[in-house]
Amino acid sequence: MLDKGYVGHYPGTAGPGRVGNFAVAGHRNTHGEPFRYVNRLGRGDEIVVRTRARTYVYRVDLVLGSTSPRDVGVIRAVPRSLVKPSYGYDAPGAYLTLTTCTPEFTSTYRLVVWAKLVSAEG
């Protein structure tokens, strides 16, 4: 899916707007670059997710600039880095997690952007 230019939904994570963690991954520099400028997102920025039924608005809350590709804590239902435990959440909520490779043109580490659901319409 990622190599065809799409954003991929991590299996076992929540759907959009649901309690839990709606976690997705995308490429920054190849295959359609759906996350080309994800590194520019910062606290307070809005991310809009549209489905056939609804539109969900999430607000960026935290950014983890670099972690291990094996840091599976970042996509858990209550996301928290296992590598850098000061990054993440302590309580259930409706989260969105964006992951991509970093630095650009490598797959050495992962950049993680976390956002919280602020509204749902439709």
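The values are calculated or read from the model by the stated rules, or taken from the named source; none is laboratory data. These figures come from a predicted structure and were not determined experimentally. Please note: Cβ atoms are built from the backbone with ideal geometry, for glycine as well, and neighbour counts cover all protein chains shown.
Within region 109-117, identify whether any single residue is free of Cβ contacts under 8 Å to residues at least 60 places away in the same chain, within 19 Å of V19 (Cβ to Cβ) and buried (at least 16 other Cβ atoms within 10 Å of the Cβ), and answer yes or no.
Checked against the condition, which is being free of Cβ contacts under 8 Å to residues at least 60 places away in the same chain, within 19 Å of V19 (Cβ to Cβ) and buried (at least 16 other Cβ atoms within 10 Å of the Cβ), region 109-117 yields at least one hit.
Would a scan of region 97-108 turn up a residue that is of a type in the set (G, A, S) and modelled with pLDDT of 95 or more?
Checked against the condition, which is being of a type in the set (G, A, S) and modelled with pLDDT of 95 or more, region 97-108 yields no hits at all.
Within region 46-55, how many residues turn out to be buried (at least 18 other Cβ atoms within 10 Å of the Cβ) and touching a Lys or Arg at 6+ places or on another chain (Cβ under 8 Å)?
Final tally of qualifying residues: 0.
Which of the residues that make up region 39-87 are assigned to a loop (DSSP other than H, G, I, E, B), hydrophobic (A, V, I, L, M, F, W, C) and in contact (Cβ under 8 Å) with a residue 24 or more places away in the chain? Full working, then the answer.
Taking region 39-87 as the starting set, the residues that turn out to be assigned to a loop (DSSP other than H, G, I, E, B) are 41-45, 51-54, 68-71, 76-79, 81-87.
With hydrophobic (A, V, I, L, M, F, W, C) added as a condition, the list becomes 41, 53, 77-78, 82-83.
Residues satisfying the conditions are L41, A53, A77, V78.
Among the listed residues D61, D90, identify the single one that is exposed (fewer than 15 other Cβ atoms within 10 Å of the Cβ), modelled with pLDDT of 95 or more and either under 27 Å from A120 (Cβ atoms) or within 14 Å of the chain's Cα centre (by Cα) (or both).
When all the criteria are applied, what remains is D90.
Note down all Cβ pairs under 7 Å where the first residue falls in region 96-107 and is under 13 Å from V38 (Cβ atoms) and of a type outside the set (S, T, Y), the second is assigned to a loop (DSSP other than H, G, I, E, B) and at pLDDT below 95, and they're at least six residues apart or on different chains.
L98/F35; C101/R28; C101/S107; E104/R28; E104/N29
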